[in-house]
């Protein structure tokens, strides 16, 4: 019963956000790879999103080479949008692999979640300042992400 309530809460909060430049962000909650909820609010200064396997693998290798609190120290979150992945693959392979990482990965697996800007083969970076989206960048590699932190 708790899971149903949490899922409904998450879906409702995701639809309420529109992440556009100079627009305020509303706090939202996503589950991590261990199904633990995390709220992204004005405390966060950088939101990093991967939409594809290759960019996700690059980000996970980069983050795995750092201390587990690397994102927290930089007031950042990493989100993997895996909504395009077949659910069987997600359940049998992707989630078990993600659980091996020492860093937190927030998960989007809702196909209707289109709140974040996307460019093919790019990592999306949102810079947040004073509760508003200051800038949106699309980069090719985790090394470029590191420069934004």
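Values in this text are rule-based calculations from the coordinates and carry no lab data. Being a predicted model, the structure only gives us computed values, none of them experimental. Here Cβ is always computed from backbone atoms with ideal geometry, including for glycine, and neighbour counts include all displayed protein chains.
Things to note:
- For the chain, share of DSSP beta bridges that run antiparallel, in % to the nearest 5: 70
- Relative packing of 46-57, 116-127, 26-37, which averages over residues the other C-beta atoms within 10 Å, highest first: 46-57, 116-127, 26-37
- Computing FRET efficiency as 1/(1 + (r/R0)^6) for residue 57 and residue 114, where r is the C-beta to C-beta distance and R0 is 25 Å, gives about 0.65.
- Approximating the spin labels as points 7 Å out from Cα along Cα→Cβ, the residue 93-to-residue 43 distance works out to 3.6 nm.
- Here the contact order of region 2-148, divided by its residue count and restricted to Cα pairs under 8 Å and six or more residues apart, works out to 31 percent.
- For the chain, a Gaussian network of Cα nodes joined below 10 Å ranks 45, 102, 73 by mean-square fluctuation, and the top entry is 73.
- Pair-distance profile P(r), taking every C-alpha pair of region 36-106, with 10 angstrom steps and integer %: 19, 53, 26, 3
- Region 100-121 and region 28-94: distance between their alpha carbon centers, rounded to Å: 6
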